[in-house]
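Chemist: Handing you this structure, nothing more for now.
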Amino acid sequence: MGYDLKMRIWRGDESGGELTDYTVQVESGEVVLDAIHRLQATQAGDLAVRWNCKAGKCGSCSAEVNGRPRLMCMTRLSDFDETETITVTPMRTFPVVRDLVTDVSFNYEKAAELPAFAPPPRDADGKRRMMQVDVERGQEFRKCIECFLCQNTCHVVRDHEDNKPAFAGPRFFLRYAELDMHPLDTHDRRELAQGAAGLGMCNITKCCTEVCPENIKITDNAIIPMKERVIDRKFDPLVWLGNKIGIR
Ligand code: SF4
Ligand code: F3S
Ligand code: FES
């Protein structure tokens, strides 16, 4: 059944902007991104929005719907009352390019700081082997679609621009953990995670986990185990002795 949906959309650019009211014809089975597309087609042809797959897999359509970080293509209109005004604003943690599009290059800079997977030489038969349990552990981490909703939500950077240089954020703690738990990775990432990446600034509020559209248990399965690995290294008697005599 079709109905008139009231929407309030943030319009503007890096110099400022404001919420603009629209009324758009929608169908009850549609998602927020459908409504945005109909707005573009019928009354706001210059409305900027980033999207790609419309299937919750490319991570492009991240925004804040009624103040909650969401993928617009996975947010059903039927989740809201038909009389409710749906407000859509750009992700708050990243600089606005225009309207609903933000500049997420902060995340690409953090990705570039992370050392790549570094496997040892192959076995004599040219293969590399790992246990099935290790293969399965990594599967959850690789579900990440890089929507950056977790990065947008984390309070350490959401309202604290000054923390950004020292904090990689939950998406990259996930990547640190994935690689550090990988039995074939030879790089010890624990010092880097705790130091340059700012793992210690995370106080486990779990807001990142709550907004992840892939339902990755970022805090429980990546951040907390990574913090434990950092502690293990710190209290490793060999590391402690090495630090004392200045060889590690
Ligand atoms: Fe998005 Fe989840 Fe990946 Fe964060 S961990 S970028 S919320 S998919
Ligand atoms: Fe931020 Fe997630 Fe830690 S929201 S504080 S990275 S648990
Ligand atoms: Fe790809 Fe929404 S358009 S995740």
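The values are calculated or read from the model by the stated rules, or taken from the named source; none is laboratory data. Keep in mind the model is a prediction, meaning the values are calculated, not measured. Using ideal geometry, Cβ is built from the backbone for each residue, glycine included, and neighbour counts are taken over all protein chains shown. The area values use the complete protein model at the heavy-atom level, side chains included, leaving out ligands, DNA and RNA. Shrake-Rupley method; radii C 1.70, N 1.55, O 1.52, S 1.80 Å.
Chemist: Using only protein heavy atoms and a 1.4 Å probe, report how much of GLU82 is accessible, in Å² to the nearest 10.
Modeler: Rounded to the nearest 10, that gives 90 Å².
Chemist: For THR20, enumerate residues with amide H under 5 Å from its amide H, sequence gap 5+ or separate chain, H modeled in the peptide plane.
Modeler: ILE9, TRP10, ARG11
Chemist: Follow-up question, since we're still on this one. Binning every alpha carbon pair distance of the range 72-166 at 5 Å from zero, what are the percents per bin?
Modeler: Going out from 0 Å in 5 Å bins, the range 72-166 shows 2, 8, 13, 16, 15, 13, 10, 9, 7, 4, 2, 1, 0, 0 percent.
Chemist: Here's something else I'd like to know. Percent relative contact order of the range 82-148, based on C-alpha pairs within less than 8 angstrom and at least six residues apart? Could you put the intermediate results ahead of the total?
Modeler: Numbers: 22 pairs, mean separation 10.5, N = 67.
This gives 16 percent for the range 82-148.
Chemist: How much of the accessible area of the chain, probe 1.4 Å, is carbon plus sulfur, in whole percent? Before the final figure, lay out the partial values.
Modeler: Values: 6580 of 12990 Å².
Here it works out to 51 percent.
Chemist: Could you run the Karplus curve 6.51 cos²θ - 1.76 cosθ + 1.60 with θ = phi - 60° over the range 98-108 and give me ³J(HN,Hα) per residue in whole Hz, x for Gly and Pro?
Modeler: Coupling constants for the range 98-108: 7, 6, 9, 9, 10, 8, 9, 5, 3, 5, 6 Hz.
Chemist: While we're looking at this one, here's another question. So for the chain, considering every pair of alpha-carbon atoms, how many percent are separated by more than 31 Å? Don't jump to the answer; show the numbers that get you there.
Modeler: Values: 10918 of 30628 pairs.
Of the Cα pairs, 36 percent sit more than 31 Å apart.
Chemist: Accessible area per residue, 1.4 Å probe, Å², for the chain: what's the number?
Modeler: 52
Chemist: With respect to the cross-link table entries LYS206/LYS227; LYS54/LYS143; LYS143/LYS164, which display a Cα-Cα separation exceeding 19 Å?
Modeler: Working: LYS206/LYS227 14 Å; LYS54/LYS143 17 Å; LYS143/LYS164 25 Å.
Beyond 19 Å: LYS143/LYS164.
Chemist: Apply the Kirkwood formula to the range 7-100: the hydrodynamic radius equals the inverse of the mean of 1/r over all pairs of different alpha-carbon atoms; give it in Å with one decimal. Before the final figure, lay out each step's value.
Modeler: Working: mean 1/r = 0.0750 Å⁻¹.
About 13.3 Å for the range 7-100.
Chemist: Any aspartates and glutamates with Cα under 13 Å of the LYS57 Cα? List them, leaving off those in the same chain fewer than 8 positions away.
Modeler: Partners within reach: GLU146, GLU214.
Chemist: Give me the dipole magnitude in Debye, nearest 20, for the range 152-193 about the Cα centre, with unit charges on the beta carbon: positive for Lys and Arg, negative for Asp and Glu. Intermediate values should be presented prior to the final figure.
Modeler: Values: 6 positive and 8 negative charges, 25 e Å.
I would put it at about 120 debye.
Chemist: Let me ask you something else. Quick check: convex hull over the Cα atoms of the range 48-109, volume per residue in Å³, rounded to an integer?
Modeler: Details: hull volume 5.4 nm³, N = 62.
It comes to 87 Å³ per residue, whole-number rounded.
Chemist: Kindly write out, for the range 158-173 in residue order, the coupling ³J(HN,Hα) from the Karplus curve 6.51 cos²θ - 1.76 cosθ + 1.60 (θ = phi - 60°), rounded to whole Hz, with x marking Gly and Pro.
Modeler: 4, 10, 9, 3, 5, 7, 4, x, 9, 9, 6, x, x, 4, 8, 4
Chemist: Right, next: Over the chain, what is the relative contact order in whole percent, taking alpha-carbon pairs under 8 Å and six or more residues apart?
Modeler: Numbers: 379 pairs, mean separation 39.8, N = 248.
16 percent.
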